[in-house]
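Following: one structure in structure tokens, then a few remarks.
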Amino acid sequence: MNIKTVFVCPPIPTRNYDWQAYVDGTIDVCGDPDCGCRSKAIVGTGATEEEAVDDLLEQLDVTV
């Protein structure tokens, strides 16, 4: 499983969602914000890259 991460830093007051992690190939970033591509994938979030990956693995029920 190839996990990708991205630093998104959304414009919200909390830093708990600055990082996102997802399994490569599960998100089709087509550029159309209304298509719903991102909503179909499981995405882990966290304040750090490691937290986002841990959240993703927990959602996928994968033990490391």
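Details
- Restricted to the range 1-55, and to residues there that are at pLDDT 90 or above, polar (S, T, N, Q) and not in a loop (DSSP other than H, G, I, E, B), the residue that is surrounded by the most Cβ atoms within 10 Å (Cβ to Cβ) is 20.
- Subset of the range 9-29 [out of contact with any Phe, Trp or Tyr (no Cβ under 7 Å at 6 or more places or on another chain) and without any contact (Cβ under 8 Å) to a residue 24 or more places away in the chain]: 9, 11, 12, 13, 14, 24, 25, 26, 27, 28, 29
The values are calculated or read from the model by the stated rules, or taken from the named source; none is laboratory data. Computed from a predicted model, the values in this text were never measured in an experiment. Ideal geometry is used to build each Cβ from the backbone, glycine not excepted, and the neighbour counts take in all protein chains shown.
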